[in-house]
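> Right, I'll just put the structure down here and ask away after.
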Amino acid sequence: MTESQIAALLQAPREPGASLVVSWVKSGAVSEERLLEAIAAGLGLTFTRLTEQEIDSTVRIKVPTKIVFQYNVMPMRLDGDTLVVAVNDPFDMAIAESVRLVAGCRVRLALGTQSDIAKALKRYYGVGAETLDELIQKNVVDLDLEAPAVTKDDLEKGDQEASVVKFVNQIIAEAYKERATDIHLEPMENDLRIRYRVDGVLHQAPVPPQLKRFQPAIVSRIKVMSNMDIAERRLPQDGRINVRSGGAEIDVRVSTVPTAHGESVSLRLLTRSSLFLGLNKLGLGPEDEKIVRKLVDMPHGIIMVTGPTGSGKSTSLYAFLSTINSIDQRIITIEDPVEYELPGVNQIQVKPEIGLTFASGLRHILRQDPDVIMVGEIRDKETAEIAIRAALTGHLVFSTLHTNDAAGAVTRLLDMGIEPFLVSSSVEALIAQRLVRSICQDCKEEYTPEPELLKEVGFPCNGGPVRLYRGRGCEACRFTGFRGRTGIYEILVLRENLRPLIIERSASSTIKAAAIANGMRTLRDDGWDKVKAGVTSLEEVARVTQEDEDISET
């Protein structure tokens, strides 16, 4: 920094109580890390990145949660009788003095960035620890599992800034920040476990140890937010919450089920950005994208997307609809539930309790003069028959089925009791898909895998050394090596030579073999292409497609 920059910063007005370090970093004149390193050198202190090796988690009991979050400090370790504490602002004398008084020992400061201290606090004290500490101090709620259910009035009377309301908001905000798709609150005998599903894999969220005593209040708050019956704790319930975070609108689907140790709550987070994808964002290869674009432009027929729960089928269907959504197309959908509202599309929510099922809704849709119909899922013979009738009478129908591969969808329809000639004449394409985790771009590295591993998973190679990619693990990806997900696809277009096989009720393996002879690429083939391109890892494709390969071999 130049002398003039320093003079300008020293003379610039600061808000009362504002940190000198924060003010200088906000000015953009210097990065926080470089500034703290220089201050540490000048004051004879150490600069720390607060890695796990530098922190002794047992010393956190020496400093109360309230002090830790109030001053944004992280107790690190004991050097003899001196407590080493990471701080961001060494010029605030009140910090060291307050920590010394509560800890009852000498204190030595180390400097760390605000983000590093915040991550350490979350890791070692848990999400929302300061909120729960305030609740305990003020005794706002002090409940055990035997206590009566908290009422809506109880929750709305309390201090909004220091209450269960704030804690639940922190849990949802933290999940959104971590890119989680699901939040699970799971009651155990002596604990309330909170887990986030990120990129399809569950991670346990760090939570304060005293969380269990607030379990009924937390569950009741979520019920209030999602318009459920707050007094009903014996039966499963479903609800929805609309949340806004950082300008993004989040639709949260809530489900509660009674368990041995209280109600388990699952929240599914759906954001507009994650669902509203174009075909180019789905992870389709260039050839596959061409095929799909031809399919969605067809005048009639059924296009089915297959795969297990959580494989991205709904996202693909929304992408297909948004591609063809135009002023000259009347598109009607029937879904359970309506996950995202598409402008210009007529969407119907299934309500079995009043008789609005997929079958009855679909029957009425046909009287609405649609061009394109989307059926959220074909679950029974009646729905399948009406969808096929719609396809045969000039409508383009999109739907989903739960099968392991594309050819398996034919067998599933026949097992439902649909006549083979109807399946053969109405279905145009079957698309199987899975989601694989993408390699983190911040820590991506090249490596040479062992030949034995390549042989074991069946990776195609020409005998020479193979160079692939993997994630080393970094802060950005939570040290998993993966960040985000993409799809792998198996597109079976029912060409004329395949239709007789359906009429003859041939096995799905026979249909699959004939489709491969026609040029179809399997899920694993598409996965290997993405491994070669450095999009995902060898182990990830093997993990996601292994079961299917075993099934087809047996």
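The values are calculated or read from the model by the stated rules, or taken from the named source; none is laboratory data. If you're wondering where the values come from, they're calculated on a predicted model, not measured in any experiment. Positions of Cβ are generated from backbone atoms using ideal geometry, with glycine treated the same way; all protein chains shown enter the neighbour counts. Heavy atoms of the whole protein, side chains included, go into the accessibility calculation; ligands, DNA and RNA do not. Shrake-Rupley method; radii C 1.70, N 1.55, O 1.52, S 1.80 Å.
> Any idea which of (1) on the phi < 0 side of the Ramachandran plot; (2) open to solvent by less than 50 Å² (accessible area, probe 1.4 Å); (3) aliphatic (A, V, I, L, M) is the one Leu50 doesn't satisfy?
Every condition holds for Leu50 apart from (1).
> If only one of Leu356, Leu366, Leu317, Leu362 is farther than 20 Å from Leu413 by Cβ and not polar (S, T, N, Q), which one is it?
Leu356
> Any residue at all in segment 468-481 that's touching a helix residue (DSSP H, G or I) at 6+ places or on another chain (Cβ under 7 Å) and part of a loop (DSSP other than H, G, I, E, B)? Full working, then the answer.
Pass one, segment 468-481, residues touching a helix residue (DSSP H, G or I) at 6+ places or on another chain (Cβ under 7 Å): 468, 471.
Retained after the next criterion (residues that are part of a loop (DSSP other than H, G, I, E, B)): none.
No.
> State which residue pairs qualify: first residue in contact (Cβ under 8 Å) with a residue 40 or more places away in the chain and inside segment 281-302, second residue in a loop (DSSP other than H, G, I, E, B) in any location, beta carbons under 6 Å apart, and separation of 6 or more residues or different chains.
Partner pairs satisfying both residue conditions: His300/Gly394; His300/His395.
> Counting residues that are touching a residue at least 40 places away in the same chain (Cβ under 8 Å) and under 27 Å from Cys474 (Cβ atoms), which strands (runs of 3 or more DSSP E) fully inside segment 1-114 reach at least 1?
Those strands (runs of 3 or more DSSP E) span 74-79, 106-111.
> Which of the residues that make up segment 285-307 are over 23 Å from Gly534 (Cα atoms) and among the acidic types (Asp, Glu)?
Result: Asp297, single match.
> Quick check on my filter: what residues within segment 205-243 are modelled with pLDDT of 90 or more and surrounded by fewer than 14 Cβ atoms within 10 Å (Cβ to Cβ)?
Selection gives Asn227, Asp229, Arg234, Leu235, Pro236, Asp238.
> What are the pairs with Cβ atoms under 6 angstrom where one residue, in segment 386-413, is farther than 13 Å from Ser424 by Cα and the other, located anywhere, is of a type in the set (Lys, Arg) and open to solvent by 30 Å² or more (accessible area, probe 1.4 Å)? Sequence gap at least six, or different chains.
Ile386/Arg363; Leu401/Arg412; Thr403/Arg412
> Here is a further query. Look at Arg293 and say whether it is in contact with a Lys or Arg (Cβ under 6 Å, 6 or more places away or on another chain) and open to solvent by 40 Å² or more (accessible area, probe 1.4 Å).
No: the conditions fail for Arg293.
> To continue, here is another question. Would segment 129-146 turn up any residue that is modelled with pLDDT under 65, at positive phi and open to solvent by 30 Å² or more (accessible area, probe 1.4 Å)?
yes
> Select from segment 362-387 the residues that are open to solvent by 50 Å² or more (accessible area, probe 1.4 Å) and under 16 Å from Val423 (Cα atoms) and list them in ascending order. Don't jump to the end; show me each part of the working.
Initially, segment 362-387 is screened for residues open to solvent by 50 Å² or more (accessible area, probe 1.4 Å), giving 363-364, 367-369, 371, 379-382, 385.
The answer is Arg379, Asp380, Lys381, Glu382, Glu385.
Yes/no per residue for (1) over 30 Å from Thr536 (Cα atoms); (2) in a strand (DSSP E or B); (3) open to solvent by less than 50 Å² (accessible area, probe 1.4 Å):
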site: Asn280; (1), (2), (3): no, no, no
site: Pro299; (1), (2), (3): yes, no, no
site: Val305; (1), (2), (3): no, yes, yes
site: Thr315; (1), (2), (3): no, no, yes
site: Asp328; (1), (2), (3): yes, no, no
site: Tyr340; (1), (2), (3): no, no, yes
site: Gly344; (1), (2), (3): yes, no, no
site: Ser360; (1), (2), (3): yes, no, yes
